[in-house]
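What follows is a single structure, written as structure tokens, with notes after it.
The values are calculated or read from the model by the stated rules, or taken from the named source; none is laboratory data. What you see is a predicted model, and the numbers here were worked out from it, not measured in a lab. No Cβ is skipped: glycine too gets one built from the backbone with ideal geometry, and neighbour counts run over all protein chains shown.
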Amino acid sequence: MLSDDADVRAVLIHGAGTSIGLAVGREFVRRGTIVALYDAARPAQTAAIVRELSAEGGALDLSELPLDEGDVELNLAGIAERCGRLDALVNLFVPSGETGVADLQSYALKLYQRDLAAAAIIALYNNNGMIVNQFLLASSFADTELGHCVAAARGAIAGMTRTLGIRHARLGVRVTGLLVGLLDAPEIKLLASERVLASTTPLQRWAEPVDVAKCLAFLVLDSGYITGQLWVMDGGLTAGGNGF
């Protein structure tokens, strides 16, 4: 158990072994939150991030624990015990070069199962807990096969965010989504087409991982009446006439 201080909130970051995970973890640590990082697909990267964050505050690497296999609610209860509590779940989505249709279908299903199970655990520790599903706009992957897959998965995530926002409200747990447009992260730029790489937004820049981190921290730590909604953070991309 990392902490028994009832005033210190604990956040589980799923999919944390990326540059976005580092930025999000750092922002939560900066805000005085216990951060548990989980990424079974990127254990080495996650371990390195935890070592870096441990010098700044409370951070745990829980990637060795089961989470999405078997009894997900029981697995989350074990994670909460390791942290001392669990107030929020942040799900980060960052694809790799191997991500395909089957992977995104599996991702959406596992995300639903995880979000469904998490509410009962979070409600034990907080009567205004939060689950946030971060995803990406398909425009980041225009001209690639991944773009079509991301667009389809986005629809599923939008639906589950609304449905679970209503379902979990009775437990005092809110559910939101954050859709990110063009993101200046190495994992994203590696997959983007030349046309996308040459594009910009009305704000004349791409989002940075720290932008994502600050928005997620607001939703988890500062908002108190937001649920069932998908927020779009794209620098005005979908409001402009730039072809995306």
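For segment 53-73, give me each residue that is assigned to a helix (DSSP H, G or I) and modelled with pLDDT of 95 or more.
Leu53, Val72, Glu73
Quick test of your reading of the structure: Val212 fulfils all but one of (1) within 25 Å of Tyr225 (Cβ to Cβ); (2) aliphatic (A, V, I, L, M); (3) exposed (fewer than 15 other Cβ atoms within 10 Å of the Cβ). Name the failing condition by number.
Going through the list (1) within 25 Å of Tyr225 (Cβ to Cβ); (2) aliphatic (A, V, I, L, M); (3) exposed (fewer than 15 other Cβ atoms within 10 Å of the Cβ), Val212 breaks only (3).
Residues in segment 9-21: is at least one surrounded by fewer than 22 Cβ atoms within 10 Å (Cβ to Cβ), at pLDDT 95 or above and either out of contact with any Asp or Glu (no Cβ under 9 Å at 6 or more places or on another chain) or in a helix (DSSP H, G or I) (or both)? I'd like the intermediate steps shown before the answer.
Of segment 9-21, the ones surrounded by fewer than 22 Cβ atoms within 10 Å (Cβ to Cβ) are 19.
Of the ones still in play, those that are also at pLDDT 95 or above are 19.
With either out of contact with any Asp or Glu (no Cβ under 9 Å at 6 or more places or on another chain) or in a helix (DSSP H, G or I) (or both) added as a condition, the list becomes 19.
Yes, because at least one residue in segment 9-21 is surrounded by fewer than 22 Cβ atoms within 10 Å (Cβ to Cβ), at pLDDT 95 or above and either out of contact with any Asp or Glu (no Cβ under 9 Å at 6 or more places or on another chain) or in a helix (DSSP H, G or I) (or both).
Given the conditions (1) over 23 Å from Tyr107 (Cβ atoms); (2) in contact with a Phe, Trp or Tyr (Cβ under 8 Å, 6 or more places away or on another chain); (3) not small (Gly, Ala, Ser), and given that Leu62 satisfies all but one, which numbered condition is not satisfied?
Checking Leu62 against (1) over 23 Å from Tyr107 (Cβ atoms); (2) in contact with a Phe, Trp or Tyr (Cβ under 8 Å, 6 or more places away or on another chain); (3) not small (Gly, Ala, Ser), the one that fails is (1).
Residues in segment 143-162: is at least one crowded, with 23+ Cβ neighbours inside 10 Å, within 22 Å of Leu67 (Cα to Cα) and in contact with an Asp or Glu (Cβ under 6 Å, 6 or more places away or on another chain)?
No, segment 143-162 has no match at all.
Consider segment 147-176. How many of its residues are closer than 28 Å to Glu194 by Cα and assigned to a strand (DSSP E or B)?
Number of matching residues: 0.
With the requirement that a residue be part of a helix (DSSP H, G or I) and touching a residue at least 24 places away in the same chain (Cβ under 8 Å), what does segment 76-92 give you?
Result: Leu76, Ala77, Ile79, Ala80, Glu81, Arg82, Cys83.
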